[in-house]
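S.K.: One structure, pasted below without further comment.
The values are calculated or read from the model by the stated rules, or taken from the named source; none is laboratory data. Predicted, not measured: the structure shown is a model, and the values here were computed from it. No Cβ is skipped: glycine too gets one built from the backbone with ideal geometry, and neighbour counts run over all protein chains shown. We work out accessible area using only protein heavy atoms, side chains counted, and drop any ligands, DNA or RNA first. Shrake-Rupley method; radii C 1.70, N 1.55, O 1.52, S 1.80 Å.
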Amino acid sequence: QVQFVESGGGLVQPGGSLRLSCSASGTIFRGNDMAWYRQVLGSQREVVARIDSVDNTYYRDSVRGRFRISRDNAKNTLYLQMNDLKPDDTAVYYCNFVYTLLDWGQGTQVTVSS
């Protein structure tokens, strides 16, 4: 059974940085398009950043230039470097595939507040 494990979240002041990590057992990242998603309580989950099998990347407008998605296929790990964080970035962050969603992990809480 596939299980995603997200980590690296926390409480940070506006303008601060965090680096999220996502690992998984029972599946292989290599060759798959992957994404970071986030969800605010009461709202739909949204795609934050996406990376394809040849490392092309996509970002939602509100994070472009501040966030960077990357992957290490050898470690089966996905990363999200988040810089210049804003209060609107506050959410639970998840990783998953893009085209075939598997069971969601627990996510990692990111709170941006002064």
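S.K.: Which far-off residues, 5 or more places away or on another chain, put their amide H under 5 Å from the one on residue 95, with H placed in the peptide plane?
M.R.: 37, 105
S.K.: Region 5-114: which chymotrypsin sites (Phe, Trp or Tyr not before Pro) are DSSP loop and have at most 13 other beta-carbon atoms within 10 angstrom?
M.R.: Numbers: sites: 29, 36, 37, 58, 59, 67, 79, 93, 94, 97, 99, 104; in loops: 29, 99, 104.
Answer by residue number: 99.
S.K.: Once you order the gyration tensor axes a ≥ b ≥ c over the Cα atoms, which shape class does region 47-101 get: rounded for a/c under 1.5, otherwise prolate or oblate by comparing a/b with b/c?
M.R.: Judged from the Cα gyration tensor, region 47-101 comes out prolate (a/c at least 1.5, a/b above b/c).
S.K.: Ignoring ligands, DNA and RNA, how do 86, 75 rank by accessible area with a 1.4 Å probe, largest first?
M.R.: 75, 86
S.K.: Can you run phi through the Karplus equation (6.51, -1.76, 1.60; θ = phi - 60°) for region 78-95 and list ³J(HN,Hα) in whole Hz, with x for Gly and Pro?
M.R.: 10, 10, 9, 8, 10, 10, 6, 5, 10, x, 5, 7, 4, 4, 8, 9, 10, 10
S.K.: Quote to one decimal, in nm, the extra length available between residue 106 and residue 30 on full extension: 0.36 nm per residue of separation minus the C-alpha distance between them.
M.R.: Using 0.36 nm per residue and subtracting the Cα-Cα distance, I get 25.2 nm.
S.K.: Using a 1.4 Å probe on the protein heavy atoms only, what accessible surface does residue 70 show? Give it in Å² to the nearest 10.
M.R.: 30 Å²
S.K.: So if I take the alpha carbon set of region 1-48, get Rg, then get Rh from the Kirkwood formula, what is the Rg over Rh ratio?
M.R.: Computed over Cα atoms, the ratio is 1.02.
S.K.: What is the Cα coordinate range of the chain on the first, second and third principal axes, sorted by size from largest, in whole angstrom?
M.R.: 39, 26, 23
S.K.: Something else now. Given the protein chains as shown and a 1.4 Å probe, how many square angstrom of residue 60 are accessible, to the nearest 10?
M.R.: 70 Å²
S.K.: Taking all protein chains as present, what is the carbon and sulfur share of the accessible area of region 24-66, in % to the nearest whole number, probe 1.4 Å?
M.R.: 44 percent
S.K.: Using θ = phi - 60° and the Karplus form 6.51 cos²θ - 1.76 cosθ + 1.60, what ³J(HN,Hα) does each residue of region 8-23 get, whole Hz, x for Gly and Pro?
M.R.: Along region 8-23, the couplings run x, x, x, 9, 9, 6, x, x, x, 10, 9, 10, 8, 10, 9, 10 Hz.
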